[in-house]
Amino acid sequence: MKTSGLSQINWTTHRGQVSKITGTAAPSIPAHIASFNAALYAFTPEAGGGDIVVSESVGGQEAILVADVMGHGVQAKLYALTLIGHFRTACKLYSGAELNVAQALMGELSRSFFSDSTLADTVATGVIAVAGDQGRVQLASAGHPMPALISENRNKLIAVGGPLLGLPVNEDYEQVELELSIGETLLLYTDGIYEIGQSTDQRNDSAQFIISALGGLFGKSCDSVKRKISAVHRQLCAGQDPDDATLVVLQLKNL
């Protein structure tokens with residue numbers, strides 16, 4: 001089908017705007033955060049997407065937000081941009097705080113869904129990790145997949161929960177505090193990492209493959225952990241219609 005010159009200009013302009021929006025909100029994280037090394041795996045099968053990874057200084061610590069906004073494509077990315085803005089503002093608001101920072105930041109994000117009309121039509125899951133010195137981490141979650149800890153003796157999920165962002169629930173978010181040891185690795189991720197496939201059985205099998213991939217990763221570097229999990233994830237995505245998937249890997253710097 002032939003396209004008029006005007007239509008071509010409009011499409012070129014639109015494509016440029018989409019690229020600018022999606023690039024601005026693309027998941028990103030520094031290689032070093034507080035007392036941690038960090039690595040990021042981000043899988044986005046279409047333009048836009050609602051997965052968020054962003055970090056921001058808060059006092060003498062670093063706050064990391066991993067979130068999954070409901071929706072797909074450019075619309076979800078617009079929601080993501082708005083939520084990122086509120087997260088950065090909340091970090092400035094609590095720049096003098098040291099205790100219960102993750103809990104406070106999540107509470108601020110929850111309130112933003114009712115004060116900002118852009119977020120009124122969506123909900124999101126999220127986990128906030130506030131990274132401090134000597135391997136200390138504060139965690140708060142809003143209906144998000146539980147963080148995973150790779151340890152020497154066993155791997156486990158960190159039980160931390162709370163209502164989804166955007167739900168009208170008058171409930172405080174809980175906070176869990178960890179102190180990672182040498183060789184341990186903390187994983188933050190969205191559900192696209194393990195919910196792969198059309199049927200419940202397929203998604204359950206995918207989750208088991210991801211869990212199995214964690215074996216033998218204690219003491220491995222951030223990049224090694226990322227490469228192992230991302231390779232398994234991409235293998236599982238073959239022939240499927242996968243969702244956005246994001247993984248953040250954190251471990252002490254001297255590894």
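Values in this text are rule-based calculations from the coordinates and carry no lab data. Everything numeric in this text was worked out from a predicted model, so none of it was measured. Methodologically, a virtual Cβ is constructed for each residue, glycine included, from the backbone with ideal geometry; neighbour enumeration extends over all protein chains shown.
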Can you tell me which residues in region 167-205 are in contact (Cβ under 8 Å) with a residue 60 or more places away in the chain and touching a helix residue (DSSP H, G or I) at 6+ places or on another chain (Cβ under 6 Å)? Tyr173, Gln175, Thr185
Would you mind telling me which numbered condition in (1) of a type in the set (Gly, Ala, Ser); (2) outside any strand (DSSP E or B); (3) over 18 Å from Lys92 (Cα atoms) Ser112 fails? (3)
Residues of region 121-137 classified as surrounded by fewer than 24 Cβ atoms within 10 Å (Cβ to Cβ) and in contact with a helix residue (DSSP H, G or I) (Cβ under 7 Å, 6 or more places away or on another chain), total: 1
Whichever residue in region 64-106 is among the basic types (Lys, Arg) and out of contact with any strand residue (DSSP E or B) (no Cβ under 6 Å at 6 or more places or on another chain) and, among such residues, is surrounded by the fewest Cβ atoms within 10 Å (Cβ to Cβ): Lys92
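Restricting region 102-147 to residues that are among the polar types (S, T, N, Q) and without any contact (Cβ under 8 Å) to a residue 12 or more places away in the chain, which is farthest from Ile158 (Cα to Cα)? Break it down stepwise before answering.
Going through region 102-147, the residues among the polar types (S, T, N, Q) turn out to be 103, 110, 112, 115, 117-118, 122, 125, 134, 138, 141.
In the following step, the residues that additionally are without any contact (Cβ under 8 Å) to a residue 12 or more places away in the chain were identified as 115, 117.
Details: Ser115: 31, Ser117: 33 Å.
So the residue we want is Ser117.
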Residue hits (region 177-191; crowded, with 23+ Cβ neighbours inside 10 Å, under 18 Å from Phe209 (Cβ atoms) and not polar (S, T, N, Q)) are Leu187, Tyr189
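Have a look at Gly183, Gly192, Gly197, Gly216 and point out the one that is out of contact with any Asp or Glu (no Cβ under 9 Å at 6 or more places or on another chain) and small (Gly, Ala, Ser). Explain how you work it out, then say what you get.
Values: Gly183 fails: out of contact with any Asp or Glu (no Cβ under 9 Å at 6 or more places or on another chain); Gly192 fails: out of contact with any Asp or Glu (no Cβ under 9 Å at 6 or more places or on another chain); Gly197 fails: out of contact with any Asp or Glu (no Cβ under 9 Å at 6 or more places or on another chain).
After applying the criteria, what remains is Gly216.
So is Gln240 surrounded by 13 or more Cβ atoms within 10 Å (Cβ to Cβ) and either in a helix (DSSP H, G or I) or in contact (Cβ under 8 Å) with a residue 24 or more places away in the chain (or both) or not? Show your work before the answer.
Numbers: surrounded by 13 or more Cβ atoms within 10 Å (Cβ to Cβ): yes; either in a helix (DSSP H, G or I) or in contact (Cβ under 8 Å) with a residue 24 or more places away in the chain (or both): yes.
In short, yes.
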